[in-house]
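Notes for the one structure printed next.
The values are calculated or read from the model by the stated rules, or taken from the named source; none is laboratory data. Being a predicted model, the structure only gives us computed values, none of them experimental. Here the Cβ is made from the backbone with ideal geometry for all residues, glycine too, and neighbour counts use every protein chain on show. All accessible areas refer to the heavy atoms of the entire protein, side chains included, with ligands and DNA or RNA removed. Shrake-Rupley method; radii C 1.70, N 1.55, O 1.52, S 1.80 Å.
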Amino acid sequence: AQSVTQPDIHITVSEGASLELRCNYSYGATPYLFWYVQSPGQGLQLLLKYFSGDTLVQGIKGFEAEFKRSQSSFNLRKPSVHWSDAAEYFCAVGLYNQGGKLIFGQGTELSVKP
Amino acid sequence: DGGITQSPKYLFRKEGQNVTLSCEQNLNHDAMYWYRQDPGQGLRLIYYSQIVNDFQKGDIAEGYSVSREKKESFPLTVTSAQKNPTAFYLCASSPGTGTVKYEQYFGPGTRLTVT
């Protein structure tokens, strides 16, 4: 069965430090890949997406992600974290020919130390 | 302003009562989705609809029902058959065709508490 794994439930980084959030997927073909961000008690906002082509994709708020087929990964990165980045981050996989359905990972909660 | 509206933000019900959560979008999107979010479990798909008057069960449809009589509206009813209904419910929509159909836009959510 298709699945998405975010190995880190909670990560704490210092403001100004770099960030990498991990995402691995299990799927028989190359899926469509997404990262969403959720502030407490709010809905989700799309950060970036990968459909095909260049494996390094840029998103909003200074985030980027890299698709690595050999590792079935789509890790999210940011060179310098700001206090406002504290939120929960979800990786998601879209399955080809299954409408617009997404499968979400369990989420990684990011805390930012001053 | 285009977007997705979910109301109310907080909802309280007694056990054994059915309750309907509202979801409205003015993005002219064809597809709409309902998710349930529980701590540590990510989002799980309850129902989705790709066109008016048609919808499909997601992964956890038991105890829930939906309707899609209008393009802009996709209400979710949590029935008394749902064993553990207390959760945060998120509605989303997306355009109907092409790869953009995977780009889901989310509402602010409704937190349902059943006691």
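Quick check: anything in region B:21-33 out of contact with any Gly (no Cβ under 8 Å at 6 or more places or on another chain), more than 29 Å from B:Thr97 (Cα to Cα) and more than 10 Å from chain A (Cβ to nearest Cβ)?
So far as region B:21-33 goes, no, none of its residues is out of contact with any Gly (no Cβ under 8 Å at 6 or more places or on another chain), more than 29 Å from B:Thr97 (Cα to Cα) and more than 10 Å from chain A (Cβ to nearest Cβ).
Specify the residue that is nearest to A:Glu109 (Cα to Cα); the eligible residues are those in region B:41-62 that are of a type in the set (Val, Ile, Thr) and open to solvent by 50 Å² or more (accessible area, probe 1.4 Å).
Per the stated criteria, the residue is B:Ile51.
Any residue in region B:80-89 that is within 10 Å of the chain's Cα centre (by Cα) and in contact (Cβ under 8 Å) with a residue 60 or more places away in the chain?
yes
Could you check how many residues of region B:83-101 are over 21 Å from B:Gln6 (Cβ atoms) and of a type in the set (Ser, Thr, Tyr)?
Here the count works out to 2.
Does B:Thr20 count as touching a Ser or Thr at 6+ places or on another chain (Cβ under 7 Å), open to solvent by 20 Å² or more (accessible area, probe 1.4 Å) and of a type in the set (Val, Ile, Thr)?
Against the criterion (touching a Ser or Thr at 6+ places or on another chain (Cβ under 7 Å), open to solvent by 20 Å² or more (accessible area, probe 1.4 Å) and of a type in the set (Val, Ile, Thr)), B:Thr20 qualifies.
Which members of region B:23-37 meet the condition of being closer than 20 Å to A:Ser39 by Cβ and open to solvent by 20 Å² or more (accessible area, probe 1.4 Å)?
Matches in region B:23-37: B:Gln37 only.
Restricting attention to region B:95-115, report how many residues are of a type in the set (Ser, Thr, Tyr), closer than 27 Å to B:Glu15 by Cα and in a strand (DSSP E or B).
Residues meeting the conditions: 2.
If you take the residues in region B:76-115 that are at the interface with chain A (Cβ under 8 Å from one of its Cβ atoms) and of a type in the set (S, T, N, Q), which one is surrounded by the fewest Cβ atoms within 10 Å (Cβ to Cβ)?
The extreme case among them is B:Thr99.
With respect to the numbered conditions (1) open to solvent by 60 Å² or more (accessible area, probe 1.4 Å); (2) over 30 Å from B:Thr110 (Cβ atoms); (3) modelled with pLDDT of 95 or more; (4) not acidic (Asp, Glu), which one is the sole condition not fulfilled by A:Val81?
It is condition (1) that A:Val81 fails.
So, restricting to strands (runs of 3 or more DSSP E) that lie completely within region A:15-114, which ones have at least 2 residues that are without any contact (Cβ under 8 Å) to a residue 12 or more places away in the chain and away from chain B (no Cβ under 14 Å)?
In region A:15-114, the matching strands (runs of 3 or more DSSP E) lie at A:56-58.
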